[in-house]
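Okay, so here's the structure we're looking at.
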Amino acid sequence: MANTKIPFLITIDTEGDNLWTLSDTVTIQNARYLPRFQGLCEGYGFKPTWLTNFEMAECPAFREFGRDVLQCGRGEIGMHLHAWNSPPLTNDGLKGQAYLIEYPEKVMKDKISFMTNLLEQRFERKMVSHRAGRWAFDSRYARILVEHGYRVDCSVTPHVNWAGVLGDPMGLGGSDYTTYPAQPYFMDLERIDREGDSPLLEVPVSIVLKTDVAPITSWLRPNGQNRESMLEILKLACDNQWPCVEFMLHSSELMPGGSPTFQTLDDIEALYDDLELLLSKAVENFRGQTLTEFYNECERRHRPLIIS
């Protein structure tokens with residue numbers, strides 16, 4: 001009998017500590033705080049996908065943690081790329097936290113190739129899942145991912161326009177996702193805002209546009225003040241039988257002082273109170289999957305085997 005519960009996807013941008021501060025040095029202390037979150041997810045049968053960037057791929061504590069997660073089948077490692085400090089480093093004149101899509105295409109290819117190879121060496125698994133650093137994505141990026149064997153991306157934030165958020169201070173800002181689908185779709189690599197026949201499945205973050213007072217977005221992402229709105233998203237998903245929901249968080253948000261949002265031990269305990277409630281409610285109507293497990297299910301349904 002088919003499982004009627006909706007897939008609940010947990011995606012974690014796995015990166016250095018408090019990168020919002022734009023510090024010249026990157027620390028990786030948050031790696032020590034990840035087992036608690038992993039254990040909480042496992043307790044409810046959920047499987048995080050740890051989307052990993054350069055400094056965390058080089059972190060011995062995270063490598064040990066990630067290998068254990070993979071060996072036991074309790075989660076997934078994917079790729080997350082912060083272009084400004086991910087090798088090969090360049091002298092393009094780009095400053096600040098420049099988006100990967102602001103670099104020349106050859107540099108984009110080199111950085112994606114380097115990160116893919118690094119993660120596959122560190123974790124001895126083919127990388128097939130990905131999220132762009134700072135949500136910046138375009139058709140070139142999608143094509144390069146497909147060339148490297150990626151099958152599922154989760155960079156799209158529906159209803160959100162990042163054009164006002166600069167990467168390169170002299171640039172044009174980030175990606176505008178206001179016209180993109182809010183539910184999973186196989187991308188058209190020429191027009192990534194619409195469905196096509198490519199092998200790349202886009203799984204947007206679960207974001208709801210509320211317009212009852214003024215346009216505002218509600219994310220399936222804890223911020224210390226949105227417990228009820230996250231539960232509302234779960235109810236909306238059930239009522240409308242969404243194909244999945246996708247939760248996101250940064251690894252550094254699991255550590256006191258690792259983000260602007262959760263500064264103290266009390267903040268972290270309040271976060272875990274919200275997470276405990278969210279997952280305890282979710283387990284009633286949702287089931288845990290990694291991004292790749294969800295992709296495999298979608299691929300079988302989207303392209304059923306033809307038996308001659």
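Quick check on the range 162-285: what does the Kirkwood estimate of hydrodynamic radius come out to from the alpha carbon pairs, in Å?
On the way: mean 1/r = 0.0599 Å⁻¹.
Final number for the Kirkwood radius of the range 162-285 is 16.7 Å.
Report the Rg/Rh value for the range 54-196, based on alpha-carbon coordinates and the Kirkwood definition of Rh. Walk me through the numbers before you get to the answer.
Details: Rg = 15.4 Å, Rh = 15.9 Å.
The Rg/Rh ratio comes out at 0.97.
Where the centre of each part is set by its Cα atoms, how far does the range 29-69 sit from the range 209-240, in angstrom?
Going from one Cα centre to the other spans 26 Å.
Return the inverse of the average 1/r over all pairs of distinct C-alpha atoms in the range 222-308, which is the Kirkwood hydrodynamic radius, in Å to one decimal.
Working: mean 1/r = 0.0660 Å⁻¹.
Computed over the range 222-308, the radius equals 15.1 Å.
For the range 131-284, what relative contact order do you get, as a whole percent, if you take Cα pairs closer than 8 Å and at least 6 residues apart? Numbers along the way, then the final one.
Details: 246 pairs, mean separation 25.8, N = 154.
Relative CO of the range 131-284 lands at 17 percent.
Computed FRET efficiency, Cβ-Cβ of residue 284 and residue 211, R0 30 Å: what is it to the nearest 0.05? Spell out each step's value before the answer.
Working: r = 29 Å, r/R0 = 0.95.
Rounded to the nearest 0.05, the efficiency is 0.55.
Which FRET efficiency value, to the nearest 0.05, do you get for residue 85 and residue 126 by plugging their Cβ-Cβ distance into 1/(1 + (r/R0)^6) with R0 = 25 Å?
It comes out at approximately 0.50.
Using only the Cα atoms of the range 1-85, construct the convex hull and provide its projected area averaged over every direction, in square nanometres to one decimal.
Numbers: hull surface 26.9 nm².
Taking a quarter of the hull surface, the average projection is 6.7 nm².
Which percentage, to the nearest 5, of the DSSP beta bridges contained in the range 6-302 is antiparallel?
Details: 8 of 34 bridges.
The answer is about 25 percent antiparallel.
Between residue 70 and residue 139, what length in nm is gained on full extension when 0.36 nm per residue of separation is reduced by their alpha carbon distance?
Numbers: separation 69, 0.36 × 69 = 24.84 nm, distance 3.05 nm.
Contour length minus the Cα-Cα distance gives 21.8 nm.
Over the alpha-carbon set of the range 6-302, work out the extent along each principal axis and list the three values in angstrom, largest first.
50, 41, 40
Past 27 Å, Cα to Cα, is the threshold; run 109/210; 126/235; 47/126; 111/210; 95/210 against it and keep the listed order. Walk me through the numbers on the way to the answer.
On the way: 109/210 38 Å; 126/235 35 Å; 47/126 18 Å; 111/210 37 Å; 95/210 35 Å.
The answer is 109/210; 126/235; 111/210; 95/210.
Give the cross-link partners of residue 281 among the aspartates and glutamates, using a straight C-alpha distance below 12 Å as the criterion and excluding same-chain residues fewer than 8 apart.
Leaving aside aspartates and glutamates fewer than 8 places away in the same chain, those within reach of residue 281 are 228, 232.
Suppose only helical runs count, i.e. DSSP H with n ≥ 4. What mean residue ellipticity at 222 nm does that imply for the chain under -39500 (n - 2.57) per run, divided by all residues and rounded to the nearest 500 deg cm²/dmol? Could you put the intermediate results ahead of the total?
Values: 8 runs with 98 residues, N = 308.
Result for the chain, helices only: -10000 deg cm²/dmol.
Quick one: among 43, 133, 93, which has the greatest mean-square fluctuation in a GNM of the chain with alpha-carbon springs under 10 angstrom?
Result: 93 has the largest fluctuation of those listed.
How do 8-14, 177-183 rank on mean C-beta neighbours within 10 Å, highest first?
Numbers: 8-14: 27.0, 177-183: 15.9.
The densest-packed peptide leads the list: 8-14, 177-183.
Once you place label points 7 Å from the Cα toward the Cβ at residue 300 and residue 270, how far apart are they in nm?
Those two pseudo-labels are separated by 4.3 nm.
Give me the percent relative contact order of the range 6-302, please, defined on Cα pairs under 8 angstrom at least 6 residues apart. Let's see the in-between values first.
Working: 587 pairs, mean separation 69.6, N = 297.
About 23 percent, as a whole number.
Values quoted throughout were computed directly from the atomic coordinates according to the rules given, and no laboratory measurement underlies them. Everything numeric in this text was worked out from a predicted model, so none of it was measured. With ideal geometry, Cβ positions are generated from the backbone for all residues, glycine too; neighbour counts draw on all protein chains shown.
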